[in-house]
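Quick notes on the structure that follows.
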Amino acid sequence: MDEVGAVVFDTDGVLLATAARHAAAWKETFDGCLAEWEPHARERPHPFDAVREYRELVDGRSRLDGVRAFLTARDIDLLPGTPEDPPGCATVHAVAARKEEVFSEMLRADGVRVFDEVRPVLLRMREQAIRCADVSASRHARSLLDSADLIGLFDAVVDGQDPAALALPGKPDPALFLEAADRLGTVPARAAVVEDALAGVDAGRRGRFHLVVGLNRDDDPQMTDALRAHGAHLVLPDLGGLPAALEGPRP
């Protein structure tokens, strides 16, 4: 068995308690546009489900891919627009900008919290000479890690600014994880991925990483089943059990 010498971590929901904030920002964004998108509907459009639809459609994806997935699921057609579109509801880019605006306002108001076990686990990784990378579909990842005083514990960071610069597709494509592994100087067969999003677990499986760890902080049995179905070899309630999982055989 190849030894695991590197770990690629997702950011939101794995390291930082920002997943619920992302879900709330998506909900505010989509719910504010639904009436405009379906003005002649006989029944009021049902609101965005910040649990089920968040997990299935937008969690772990880039903002543009999340908007596209939601619109497709609701059979709503929008013009793609351009990156210069202001926040709004008229185009895919405008909706993505609206979500970015809402999320940024939430960050300014509430700041960011690191899960309690994250720093001790990252320090243990460093003691064991296990190289670590952070991956995120969000353009905020570097600044959030910096504000949380975590960025110095990572050997590489691949965030939402990189796909555009490197022409990398977003999750569930494994390109971001493969880029992170390459920056760590390793190959997927000797690396682990830690993710809480179904799209991210999919990406780890498709990238053929040696160990794909799903994180289910809410201890939701349905989410555990879904993570396993999407390719997680192991599901943990937090990062506390990760060092032992890296030392043992793959489940």
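The values are calculated or read from the model by the stated rules, or taken from the named source; none is laboratory data. Treat the numbers as computed from the prediction; the structure is a model and nothing was measured. Here the Cβ is made from the backbone with ideal geometry for all residues, glycine too, and neighbour counts use every protein chain on show.
Of everything in the range 63-88 that is among the aliphatic types (A, V, I, L, M) and more than 25 Å from V201 (Cβ to Cβ), the residue that is surrounded by the fewest Cβ atoms within 10 Å (Cβ to Cβ) is L79.
Restricting the range 190-238 to residues that are of a type in the set (A, V, I, L, M) and under 15 Å from V51 (Cα atoms) leaves a set whose member that is surrounded by the most Cβ atoms within 10 Å (Cβ to Cβ) is L227. Within the range 29-78, being under 19 Å from the mean Cα position of the chain (by Cα), part of a helix (DSSP H, G or I) and among the β-branched types (V, I, T) holds for T29, V58, V67. Contact map, the range 121-147: residues that are more than 25 Å from G170 (Cβ to Cβ) and crowded, with 22+ Cβ neighbours inside 10 Å paired with residues that are modelled with pLDDT under 95 and of a type in the set (S, T, Y), Cβ distance under 9 Å, separation 6+ or inter-chain. No pairs are found.
When R68 is tested against (1) farther than 27 Å from M223 by Cβ; (2) out of contact with any strand residue (DSSP E or B) (no Cβ under 6 Å at 6 or more places or on another chain), only condition (1) is not met. Given the structure, is A137 modelled with pLDDT of 95 or more and not in a helix (DSSP H, G or I)? For A137, the condition - modelled with pLDDT of 95 or more and not in a helix (DSSP H, G or I) - is not met. Here is the figure for the range 89-103: residues that are without any contact (Cβ under 8 Å) to a residue 24 or more places away in the chain and either within 19 Å of R55 (Cα to Cα) or surrounded by fewer than 19 Cβ atoms within 10 Å (Cβ to Cβ) (or both) total 3. Can we say G60 is surrounded by 17 or more Cβ atoms within 10 Å (Cβ to Cβ) and touching a residue at least 60 places away in the same chain (Cβ under 8 Å)? Against the criterion (surrounded by 17 or more Cβ atoms within 10 Å (Cβ to Cβ) and touching a residue at least 60 places away in the same chain (Cβ under 8 Å)), G60 qualifies.
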